[in-house]
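Here's the structure, in structure tokens; my notes come after.
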Amino acid sequence: MSILKQFFSYYAPYRGLFLLDFSCAILSGLLELGFPMAVALFVDHLLPAQDWGLIVAAAVGLLVIYLVNTGLMAVVTYWGHMLGINIETEMRRRAFDHVQKLSFSFFDNNKTGHLVAKLTKNLEEVGEVAHHGPEDVFLAVMTFIGAFALMMTVNVHLALVTGAIVPIVAWATTHYGREMTDNFRTLFGRVGAFNARIE
């Protein structure tokens with residue numbers, strides 16, 4: 001079984017929680033895309049017309065959209081972290097079960113401090129990825145495509161200039177993200193060495 005397939009198998013018992021978190025994140029992303037356009041219509045068309053009944057109704061509508069978006073983000077924050085914690089807990093349980101079945105010679109050749117660091121801090125990071133990973137990737141792509149399409153309808157030249165910056169930002173994110181990963185690995189190694197010294 002591939003690593004990704006094995007990783008996604010942890011979502012199976014929490015399918016309902018994942019669908020709730022993911023759908024709320026998508027709806028929130030769509031509302032965040034539409035909100036600036038709605039405000040632009042409000043400022044450019046409704047305010048100059050001075051139809052105060054329609055202006056108040058539109059303002060209330062925008063407030064409702066904002067409150068709905070806040071509610072969706074609350075669901076994503078709370079239940080999304082609950083999903084990550086559940087997956088992290090299950091991974092830890094399986095990892096500890098596996099470690100307890102290993103022979104004494106394994107523990108003679110491996111420092112317990114390093115094992116503890118891997119079973120705690122490393123799995124905490126995996127839990128964060130379990131919560132943020134799939135939805136962040138999907139939302140980033142959806143938001144980029146949606147925002148670019150909306151910008152094209154407003155001003156083609158500015159949209160193309162903005163789009164030209166994307167490869168540079170993607171390279172910088174990948175490059176510095178890789179460096180950050182290396183730094184985290186070094187840090188976790190030091191934590192393991194510290195635990196081993198305490199042991």
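The values are calculated or read from the model by the stated rules, or taken from the named source; none is laboratory data. Predicted, not measured: the structure shown is a model, and the values here were computed from it. Every residue, glycine among them, receives a Cβ derived from its backbone with ideal geometry; neighbour counts consider all protein chains shown.
A few notes on this one:
- Residues located in region 69-89, provided they are among the aromatic types (Phe, Trp, Tyr) and either within 16 Å of Pro134 (Cα to Cα) or in contact with a Leu (Cβ under 7 Å, 6 or more places away or on another chain) (or both): Trp79
- Listed by position, the helices (runs of 4 or more DSSP H) contained in region 97-172 that have at least 1 residues being modelled with pLDDT of 80 or more and either small (Gly, Ala, Ser) or in contact with a Cys (Cβ under 9 Å, 6 or more places away or on another chain) (or both) are 104-109, 123-154.
- Here is the figure for region 1-55: residues that are under 21 Å from Thr153 (Cβ atoms) and charged (D, E, K, R) total 2.
- Only listed residue being among the charged types (D, E, K, R) and surrounded by 17 or more Cβ atoms within 10 Å (Cβ to Cβ), chosen from Glu88, Glu128, Glu124: Glu88
- Residues that are among the charged types (D, E, K, R) and more than 18 Å from the chain's Cα centre (by Cα) were ranked within region 173-199; the one that is modelled with the highest pLDDT is Glu179.
- Just one of the listed residues (Phe8, Phe22, Phe42) is under 22 Å from Leu150 (Cβ atoms) and hydrophobic (A, V, I, L, M, F, W, C), namely Phe42.
- Checked against (1) acidic (Asp, Glu); (2) more than 30 Å from Pro36 (Cα to Cα); (3) within 21 Å of the chain's Cα centre (by Cα), Glu135 passes all but a single condition, namely (2).
- For region 56-85, the set of residues classified as free of Cβ contacts under 8 Å to residues at least 12 places away in the same chain and over 31 Å from the mean Cα position of the chain (by Cα) consists of Val56, Ala57, listed by residue number.
- The set of residues in region 24-39 that are in contact (Cβ under 8 Å) with a residue 40 or more places away in the chain and either small (Gly, Ala, Ser) or not in a helix (DSSP H, G or I) (or both) comprises Ala25, Ser28, Gly29.
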